[in-house]
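First the structure, in the form of structure tokens, and then the observations on it.
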Amino acid sequence: MGAVTALCFRATVDIPERFTKSKTVGAHFGLTSRKHRSGQVDRNGRISKCGDGMMRATLYEAANVMLTRTKSWNWLKAWAMQLAKTRGNKRAKVALARRLAVVLHRMWLDGSDFRWTKEELA
């Protein structure tokens with residue numbers, strides 16, 4: 001994650017307390033799938049693309065760099081690589097971008113640093 005992405009995230013979210021859950025940040029940026037529901041049909045579509053397009057693009061680019069160019073491994077990259085095997089690279093990048101937004105929001109609220117491994121949680 002670079003300085004431009006972090007600064008863009010901070011400027012876009014502005015007040016982190018306005019989101020009750022960190023999960024809703026991904027939906028605010030349009031990184032969740034659309035739903036089409038009627039009486040007999042329940043379909044998930046492409047991402048909704050509502051919200052700030054520049055923030056969505058910078059998160060997607062950060063996810064792309066994490067998956068393709070970064071040599072170091074962390075739990076996010078391992079999760080996204082596993083997802084890329086089953087669902088494809090493009091979907092994995094969008095899912096990683098949404099998860100990066102959730103992690104950034106939680107880190108901002110808690111004031112914590114990024115944990116590279118799951119063992120640091122204990």
Original post:
Looking at (1) surrounded by 15 or more Cβ atoms within 10 Å (Cβ to Cβ); (2) among the small types (Gly, Ala, Ser); (3) in a loop (DSSP other than H, G, I, E, B), which is the only condition Ala92 fails?
Top reply: (3)
Original post:
Which of the residues spanning the stretch 22-59 are among the charged types (D, E, K, R) and within 12 Å of Ala101 (Cα to Cα)?
Top reply: Lys23, Arg56
Original post:
How do the pairs read when you match residues in the stretch 84-108 that are closer than 15 Å to Cys8 by Cα and in contact (Cβ under 8 Å) with a residue 24 or more places away in the chain with residues anywhere that are surrounded by 15 or more Cβ atoms within 10 Å (Cβ to Cβ) and among the polar types (S, T, N, Q), using Cβ under 6 Å and keeping only pairs 6 or more apart or on different chains?
Top reply: Val102/Ser22; His105/Ser22
**OP:** With respect to Thr32, determine if the residue is at pLDDT 85 or above and among the β-branched types (Val, Ile, Thr).
**Re:** no
Original post:
Before we move on, is Val102 part of a helix (DSSP H, G or I) and in contact with a strand residue (DSSP E or B) (Cβ under 8 Å, 6 or more places away or on another chain)?
Top reply: no
**OP:** Find all pairs meeting these conditions: Cβ atoms under 7 angstrom apart; at least six residues apart or on different chains; first residue within the stretch 11-31 and part of a helix (DSSP H, G or I); second residue modelled with pLDDT of 90 or more and charged (D, E, K, R).
**Re:** Gly26/Arg98
**OP:** Enumerate the pairs (first residue in the stretch 110-122 and under 14 Å from Ala78 (Cβ atoms); second residue anywhere and exposed (fewer than 10 other Cβ atoms within 10 Å of the Cβ) and at pLDDT 70 or above) with beta-carbon separation below 9 Å, excluding pairs fewer than 6 apart on the same chain, so at least 6 apart or on different chains.
**Re:** Trp116/Ser72
Original post:
Pairs, please: C-beta under 9 Å, at least 6 apart or cross-chain, first residue closer than 13 Å to Met1 by Cα and outside any loop (DSSP other than H, G, I, E, B) and in the stretch 55-76, second at pLDDT 95 or above and hydroxyl-bearing (Ser, Thr, Tyr)?
Top reply: none
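The values are calculated or read from the model by the stated rules, or taken from the named source; none is laboratory data. Note that the structure is a prediction, hence the values are computed from the model and not measured. Note: ideal-geometry Cβ built from the backbone for every residue, glycine included; neighbour counts use all protein chains shown.
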